[in-house]
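The values are calculated or read from the model by the stated rules, or taken from the named source; none is laboratory data. The shown structure was predicted, so the numbers you read here are calculated from the model rather than taken from an experiment. Backbone-built Cβ (ideal geometry, glycine too); neighbour counts: all protein chains shown. Surface accessibility is based on the protein's heavy atoms, side chains included, excluding ligands, DNA and RNA. Shrake-Rupley method; radii C 1.70, N 1.55, O 1.52, S 1.80 Å.
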Amino acid sequence: MRAEDVPGVERLTAEGFYDLDLRTHPRSWPEPAMRSEAKAGRWRRRAQHMLRHDAGGCWVAEDGTGLIGVSIALKRDLTWILASYAVRPGLQGRGVGKQLLDASLTHGRGCLRGMLAASEDPKAARRYRLAGFTMHPAMFLTGKVSRDLLPVVDRVREGSAGDIDLMNSVDRRVRDSAHGVDHELLASEYRLVVIDRSTGSGYAYVDADGGPYLLAATNRRTATDLLWETLAASSPDEPCTISHLSPVNEWAVDVGMAARMDLMSTGYLALRGMKPPLPYIPSGHFL
Ligand SMILES: CC(C)(COP(=O)(O)OP(=O)(O)OC[C@H]1O[C@@H](n2cnc3c(N)ncnc32)[C@H](O)[C@@H]1OP(=O)(O)O)[C@@H](O)C(=O)NCCC(=O)NCCS
């Protein structure tokens, strides 16, 4: 993959996931929507960052018509992380995805651990299981959060790039590998909230609609306070979401229940050589 491929790759993944959403969408869920321009811009900046730091994990497939697939993987400490993976609708199921995933996996040579957030697509699940990943079914919570359900949360502060050492320490405790350079990008793209008390430390990046984009803490009490802080950032009139929850993270389900959000399940947290991190809410792309 080259820098000039990024805009085409962004469009390809937007179309691929829209097509998947249409195919797998249960009637009780919010309507599938094409990726917004704001999200597309964020997607392109993220891909450029990954290409800069993990060129060996970024691969595209082409035929005579142009780009037909992409796979983007990162290596953080000694953990391999799949950030993005899609083949153009209509050309799936013909072996292109296998070649792309195999190429990205070579970037993780020497890594015993691996993690990725898997979609609902059975073709993806097949690829991941055949690559040795354990598939942990993933839950999410969604709903409008009423102001009167929000508890008062003490001693949460706004974070900054000055908290990166603290965040890397928390990452290593919770999931063995630090996010490292990804914190530089994440801190520039998302609001960051931090707790650093004698009884526990942690951080959360807050999604644009409120709710967590990524959350890690040294204990459940701290994680719970951080999760409430991210929910407080949502609009009472718009739904917000807590995504990619592995079953061990029941503390987060309990927060969602207290906030009267709806619990549903979709996709998997796919892990190799590691247990589901706890207390932890992974992001879809940096895990
Ligand atoms: C997941 C994805 C990237 C895989 O690429 P692909 O080119 O379809 O993958 P491949 O053809 O190499 O492998 C698909 C496997 O599923 C099998 N398969 C094909 N159609 C299938 C179906 N309808 N149901 C289940 N398995 C199917 C194929 O036979 C193949 O297995 P095999 O190699 O053992 O024969 C692609 O399908 C895709 O873009 N899906 C939508 C987006 C998505 O879910 N991305 C993953 C994000 S986590």
Report summary line: Each label sits 7 Å from Cα toward the beta-carbon; between T199 and R52 the label points are separated, in nm, by 4.0 nm
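Using the Cα centre of region 155-287 as the reference point, and only Cβ charges (+1 on K/R, -1 on D/E), how large is the resulting charge dipole? Debye, rounded to the nearest 20. Don't jump to the answer; show the numbers that get you there.
Details: 12 positive and 18 negative charges, 120 e Å.
Using only the charged Cβ atoms, the result is roughly 580 debye.
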Query raised in the report: Between D77 and A208, how many nm apart are label points set 7 Å from Cα along the C-beta direction?
Result: 3.1 nm
Query raised in the report: Taking only pairs that are 8 or more places apart or on different chains, how many Lys pairs in the chain have Cα atoms under 30 angstrom apart?
Result: 10
Query - Percent accessible area from carbon and sulfur atoms, the chain, protein chains only, probe 1.4 Å - result: 50 percent
Report summary line: Here the FRET efficiency for R155 versus S28, based on Cβ atoms and R0 = 41 Å and rounded to 0.05, is 0.60
Query raised in the report: From the residues A208, Y18, S177, which one has its Cα farthest along the dipole of the chain in the positive direction, the dipole being from +1 and -1 charges on Cβ of Lys/Arg and Asp/Glu about the Cα centre?
Result: S177
Requested in this report: Give me the number: length gained by fully extending D254 to E4, i.e. 0.36 nm times residue separation minus the C-alpha to C-alpha distance, one decimal in nm.
Outcome: 85.6 nm
Query raised in the report: If you place +1 on the Cβ of every Lys and Arg, -1 on the Cβ of every Asp and Glu, and leave all else neutral, what size is the dipole of the chain about its Cα centre, to the nearest 20 Debye?
Result: 860 debye
Report task. Calculate, for region 1-112, the solvent-accessible area per residue in square angstrom, rolling a 1.4 angstrom probe over the heavy atoms of the protein chains. Result -> 51 Å²
**Report entry** Residues of region 1-43 with amide N under 19 Å of the 7 Å Cα→Cβ point at R94
**Finding:** 9, 12-13, 15-17, 19-20
Query raised in the report: Could you state the principal axis extents of the C-alpha atoms in region 176-241, from the largest down, to the nearest angstrom?
Result: 36, 27, 16
Report task. Within region 270-287, which residues have the backbone N less than 16 Å from the label spot 7 Å out from N219 along Cα→beta-carbon, could you tell me? Result -> 278-280
Query - Rounded, prolate or oblate (a/c below 1.5 giving rounded, otherwise prolate when a/b exceeds b/c) for region 126-231 by Cα gyration tensor - result: oblate
